[in-house]
Amino acid sequence: MRTEKINRIKVVLVEQGKTGKWLAEQLGKNEATISRWCSNTSQPSLEMLVQIANVLKVNTKDLINDIEEK
């Protein structure tokens, strides 16, 4: 099972002082879905990642952790 933190959605939300509930409202998504993305339990699609970046006014790359192969 993968334990890496693939996305940085939660980090960016905290940096901007925004909540998962706020993001859910902006995207028309369920709060539980946003929670799974923030905890890295599941991942948004690439298209959704682009939408999240647009809503948060950040570069899509800012939402993805750089994972190096070991």
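The values are calculated or read from the model by the stated rules, or taken from the named source; none is laboratory data. Bear in mind that the values here come from a model prediction, so they are computed numbers and not experimental data. Because the Cβ atoms are built from the backbone with ideal geometry, glycine has one as well, and the counts that use them run over all protein chains shown.
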Do you know which residues across region 42-70 are modelled with pLDDT of 95 or more and polar (S, T, N, Q)?
-> 42, 43, 45, 51, 54, 59, 60
Can you confirm whether region 38-57 contains a residue that is outside any helix (DSSP H, G or I), without any contact (Cβ under 8 Å) to a residue 60 or more places away in the chain, crowded, with 16+ Cβ neighbours inside 10 Å and out of contact with any strand residue (DSSP E or B) (no Cβ under 6 Å at 6 or more places or on another chain)?
-> yes
Got a sec? Which of 7, 54 is within 9 Å of the chain's Cα centre (by Cα) and either on the phi < 0 side of the Ramachandran plot or aliphatic (A, V, I, L, M) (or both)?
-> 7
Got a number for residues in region 10-28 being touching a helix residue (DSSP H, G or I) at 6+ places or on another chain (Cβ under 7 Å) and either at positive phi or part of a helix (DSSP H, G or I) (or both)?
-> 10
Of the residues in region 5-28, those that are among the aliphatic types (A, V, I, L, M), under 14 Å from residue 48 (Cβ atoms) and either surrounded by fewer than 15 Cβ atoms within 10 Å (Cβ to Cβ) or touching a residue at least 12 places away in the same chain (Cβ under 8 Å) (or both) come to 6, 9, 23, 27
State all residues of region 36-48 that are out of contact with any Ser or Thr (no Cβ under 6 Å at 6 or more places or on another chain) and not β-branched (Val, Ile, Thr); if no residue qualifies, say none.
-> 37, 38, 39, 40, 42, 43, 44, 45, 46, 47, 48
